[in-house]
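J.: Sharing a structure here in structure tokens format.
The values are calculated or read from the model by the stated rules, or taken from the named source; none is laboratory data. The shown structure was predicted, so the numbers you read here are calculated from the model rather than taken from an experiment. With ideal geometry, Cβ positions are generated from the backbone for all residues, glycine too; neighbour counts draw on all protein chains shown.
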Amino acid sequence: MKTTSLLLPLLTAAYVSAHGFLSTFTINGKAFKGNVPSGNPAPSVIRQIITPEPNKGAKNPALTCGPGSTAGLLIADANPGDAVTFDWRAANLSHWLHNTGPMLTYMASCGSTACDKFDISKAKWFKVHQIGRTSGSADWAQADLMIGGVANATIPSTLAPGNYLLRHEIIALHLATSIGGAEFYPACAQIRVGGSQTGAPQPRELVSLPGAYSDSDPGIFDPSVFDANAKYVFPGPAIASLVSGGGIPASRSGATTPTKSVPSQASSTSKPASKSCKIKNRAAGPSHV
């Protein structure tokens with residue numbers, strides 16, 4: 001009994017620190033810090049959430065941009081083909097602690113409204129990237145975040161100019177052998193894409209979040225999640241065709257010229273990120289299991 005009482009605080013601390021938030025977002029090497037959940041807000045391009053706790057249930061309103069998310073004060077400027085990275089941290093700012101499940105990246109047009117003024121409940125999302133297990137390995141790419149990695153994606157090289165929300169999502173599947181066990185961690189950044197490209201998603205590629213997932217989807221309820229030989233089925237829509245050069249011209253999709261908003265300001269700088277959609281390791285830090 002005494003041993004149990006001594007271990008409980010340690011187990012509780014480890015459990016709480018395992019939940020987290022998007023700490024830093026970079027675009028073309030320019031870094032923007034996020035605000036800790038429910039902390040005093042500073043200007044950021046990342047929407048601030050109210051809690052780092054996991055979001056359960058595929059119909060949970062928190063699946064849009066995180067629980068109780070509020071708009072940031074900044075807009076990050078971007079161009080088609082720019083590399084972006086997502087640095088996820090535990091609630092205590094240690095490395096991310098989950099290691100099982102996919103990471104997905106979506107975008108949504110805010111139309112003529114700057115995304116810090118946009119009603120996110122009206123967003124229609126298209127998928128631009130997804131990654132499950134590391135190629136040729138039984139390990140999930142998410143596990144690299146535990147050793148200081150950051151998740152990478154790329155703004156589609158054919159994307160038309162406009163105001164966009166960029167949504168990154170981690171789905172932790174360590175409890176997904178039971179329906180309702182999956183944990184969703186979404187986060188959104190506000191960007192303004194320039195350039196002169198014309199690509200836009202097909203209407204059939206647009207989804208609502210929540211709305212695109214079901215708790216019984218194979219990639220969310222996954223009894224074989226720990227079987228390295230089992231094929232993983234990603235939830236949600238397929239990657240939008242514009243990512244591979246398809247899609248439709250923006251003039252036919254309803255895309256509009258972006259409005260001016262608060263100028264983007266980088267909180268710090270880093271070396272330009274790779275344009276690969278794989279995980280990029282930051283400076284080595286202590287591993288948390």
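J.: Just give me the residues in the range 161-173 being of a type in the set (A, V, I, L, M, F, W, C) and either part of a strand (DSSP E or B) or within 19 Å of PHE25 (Cβ to Cβ) (or both), in sequence order.
T.: Step one: list which residues in the range 161-173 are of a type in the set (A, V, I, L, M, F, W, C), which gives 165-166, 170-173.
Result: LEU165, LEU166, ILE170, ILE171, ALA172.
J.: Take ALA176 and decide whether it is assigned to a strand (DSSP E or B), at pLDDT 95 or above and small (Gly, Ala, Ser).
T.: On the way: assigned to a strand (DSSP E or B): no; at pLDDT 95 or above: yes; small (Gly, Ala, Ser): yes.
In short, no.
J.: Hey, another quick one. Please go through (1) at pLDDT 95 or above; (2) surrounded by 20 or more Cβ atoms within 10 Å (Cβ to Cβ); (3) aliphatic (A, V, I, L, M); (4) out of contact with any Pro (no Cβ under 8 Å at 6 or more places or on another chain) for ALA42 and return the number of the only condition it doesn't satisfy.
T.: (2)
J.: Residues in the range 91-130 that are at pLDDT below 95 and either under 20 Å from GLY195 (Cα atoms) or among the aliphatic types (A, V, I, L, M) (or both): how many?
T.: Summing the residues that are at pLDDT below 95 and either under 20 Å from GLY195 (Cα atoms) or among the aliphatic types (A, V, I, L, M) (or both) in the range 91-130 gives 3.
J.: Pull out all pairs, ordered by first then second residue, where Cβ-Cβ is under 6 Å, the residues are six or more apart or on different chains, the first lies in the range 23-45 and is of a type in the set (Lys, Arg), and the second is in a loop (DSSP other than H, G, I, E, B).
T.: Going by the 6 Å Cβ cut-off, the qualifying pairs are LYS30/ALA266; LYS33/SER267.
J.: Now a separate question. Which residue out of ALA212, ALA273 is modelled with pLDDT of 50 or more and hydrophobic (A, V, I, L, M, F, W, C)? Can you show your working first?
T.: On the way: ALA273 fails: modelled with pLDDT of 50 or more.
Only one candidate passes the filter, namely ALA212.
J.: Let me ask another. How many residues are part of a loop (DSSP other than H, G, I, E, B), within 16 Å of THR105 (Cα to Cα) and not hydrophobic (A, V, I, L, M, F, W, C) if we restrict to the range 179-210? Even if it seems obvious, please write down each step before you answer.
T.: To start, the set of residues in the range 179-210 that are part of a loop (DSSP other than H, G, I, E, B) comprises 179-182, 194-198, 201-202, 206, 208-210.
Still in the list and also within 16 Å of THR105 (Cα to Cα): 201, 206, 208-210.
Subsequent filtering for residues that are not hydrophobic (A, V, I, L, M, F, W, C) retains 201, 208, 210.
Residues meeting the conditions: 3.
J.: Also, I was wondering about something else. One residue is enough: does the range 194-215 have a residue meeting the conditions β-branched (Val, Ile, Thr), over 30 Å from LEU97 (Cα atoms), free of Cβ contacts under 8 Å to residues at least 60 places away in the same chain and in contact with a Pro (Cβ under 8 Å, 6 or more places away or on another chain)? Don't jump to the end; show me each part of the working.
T.: First, the residues of the range 194-215 that are β-branched (Val, Ile, Thr): 198, 207.
With the extra rule that they be over 30 Å from LEU97 (Cα atoms), the set shrinks to 198.
Next, only the ones that are free of Cβ contacts under 8 Å to residues at least 60 places away in the same chain stay: 198.
Subset that is in contact with a Pro (Cβ under 8 Å, 6 or more places away or on another chain): 198.
Among the residues of the range 194-215, at least one is β-branched (Val, Ile, Thr), over 30 Å from LEU97 (Cα atoms), free of Cβ contacts under 8 Å to residues at least 60 places away in the same chain and in contact with a Pro (Cβ under 8 Å, 6 or more places away or on another chain), which makes the answer yes.
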